[in-house]
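Computed from the coordinates by the stated procedures, all read-outs in this text should not be read as laboratory data. Treat the numbers as computed from the prediction; the structure is a model and nothing was measured. Please note: Cβ atoms are built from the backbone with ideal geometry, for glycine as well, and neighbour counts cover all protein chains shown.
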Amino acid sequence: MRTKLHTVAAAGAAVVVLASCSSGDGGGDSTASGGLTGEGSGESCTIEGEVPIGAVLSLTGAAASYGESQQRGLELAAAELAEQDGVTYDLTIEDDQTDPRQAITLFDQFVSDDASLIIGPTLSNAAVQADPIAQDAGVPVLGISNTAAGVTEIGDYIFRDSLTEQAVIPQTIALATEQFGLEDVVVMYSNDDAFTESGYEAFTAALEEEGVNVSETITFSKSDTDFRALLTQAQESDPDALVVSGLIEAAVPLVTQARELGIDVPIIGGNGFNNPQLMADAGEAAEGVVVGAAWNSSSDSPENQAFLEAYEAEYGAQPDQFAAQAYTGLKLVDQAVRANCSAERDDIQEALGQIEDLPTVLGEFSIDENRDADHPAVVQVVQDGEFAVLE
């Protein structure tokens, strides 16, 4: 058995990770068009060629904090898969610099390089622009953090293991309404990003469903860092809560400045708030922030406990939702490859669509008829500098 793990500097701050496993010498050149159909199935599956997997992550730029977590999750999963016999993975991770144009370039590259599957990109607005390239070429894509509505509608080769905002936010608003007696709120969102716009739409629909009045809607840019004027405007409405759809780069200053201005009502955030950076950078101001999540960090399932232990041992830190979804993503790919004992693109696409009730770090996991993730969600609240389940 052999394992390779190394980093190569390249254009666009690219990172190349090779995680390989085989019995004997194995290996050899691999393309999506040949040498990737093996014998057996499941744990007994043996494929002679290396299975090329591409990943497009935001390792620099505005979404770098998410991309870094995803890279760690993928590398951890790759290292674990390298300990299993029968299938060898060649995982290449590239940086899209949080730029959809770079994501498009990288998707073109992976399609041309005969990748069996592409993981990513990190943000939904990049996915909306890059995924059609893979769809047109018949290359399956597994999104590991794309939560905006409509992403999988791009085509039948587009999948995701990340719960949509439409799946998580209604549960978040329902529980928050019950817990805090919400009657009137102010909604704030970044209106120049597909992900945060989708979150806003999910929030407004959920608030209407719960009979909560939105007294004011305030927009901002994802590049904004000074929210004092907007927060003062929101404060004048005397809301029961602030409901915010924004990326972590906006979440930290917004939460901090809200508390500095004396706004002490609950702040309910979208998926962009799901990052330990919120607590690390906002400190005490983050206490009480409510966030819906696709991963229950306190789950005592064997899969989750093993993941937590391995992640902390490797990185000396606790994982976040983005690491958990990335880790699960590569494990799902392995499940799909071994199901048909084939890394041909069409075979992976077929097998991904058949995943049902699989025990994972995220819980019992299925891919539904729309190629979206189906598994339990959780509502969290920041307590003592950590996410805890809101009950």
Original post:
What residues have an amide H closer than 5 Å to that of ASP192, excluding those fewer than 5 places away on the same chain, when H is modeled at 1.01 Å from N in the peptide plane?
Top reply: LYS222
Subject >> Residues whose placed amide H lies under 5 Å from that of LEU390, excluding near-sequence neighbours >> reply: VAL379, GLN380, VAL381
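Per 0.36 nm of contour for each residue apart, how much would the distance between ARG101 and GLU391 grow if the chain were fully extended, relative to their Cα-Cα spacing?
100.2 nm
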Original post:
What is the Rg over Rh value, at two decimals, for the stretch 177-310, using alpha-carbon atoms and the Kirkwood definition of Rh?
Top reply: 0.99
Subject >> GluC sites (Glu not before Pro) restricted to DSSP loop in the stretch 219-271 with at most 12 other C-beta within 10 Å >> reply: GLU236
**OP:** Anything in the chain that counts as a DSSP H helix reaching 27 Å or more along its axis (C-alpha) with Kyte-Doolittle mean of at least -0.5? List them, would you?
**Re:** 321-340
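Under the definition of Cα pairs under 8 Å and six or more residues apart, what whole-number percent is the relative contact order of the stretch 166-224?
Details: 71 pairs, mean separation 26.8, N = 59.
With pairs under 8 Å counted, the relative contact order is 45 percent.
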**OP:** Against the globular-protein guess of 2.2 N^0.38 Å, express the Cα radius of gyration of the stretch 36-138 as a ratio, rounded to two decimals.
**Re:** 1.14
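For the peptides 208-220, 335-347, what is the packing order when you average, over each peptide's residues, the other Cβ atoms within 10 Å and list the highest mean first?
335-347, 208-220
Taking only the Cα atoms of the chain, how large is their convex hull per residue, in Å³?
Details: hull volume 47.6 nm³, N = 391.
Normalising the Cα hull of the chain by residue number yields 122 Å³.
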**OP:** Take every Cα pair under 8 Å in the chain that's 6+ residues apart, average their separations, divide by the length, and report that relative contact order as a whole percent.
**Re:** 17 percent
Original post:
Just the Cα atoms of the stretch 140-222, one point each, no solvent: what log10 I(q)/I(0) does Debye give at q = 0.19 Å⁻¹?
Top reply: -0.86
Subject >> Separation in nanometres of the label points that stand 7 Å from Cα toward Cβ, at THR46 and GLU284 >> reply: 6.4 nm
Original post:
What fraction, in whole percent, of alpha-carbon pairs in the stretch 194-271 exceed 21 Å separation?
Top reply: 22 percent
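Please go through the stretch 29-89 and write out the GluC sites (Glu not before Pro) that DSSP classes as loop and that have at most 11 other C-beta atoms within 10 Å.
Numbers: sites: GLU39, GLU43, GLU48, GLU50, GLU68, GLU75, GLU80, GLU83; in loops: GLU48, GLU83.
For GluC sites (Glu not before Pro) across the stretch 29-89 that sit outside H, G, I, E and B with at most 11 neighbouring Cβ atoms in 10 Å, the list reads GLU83.
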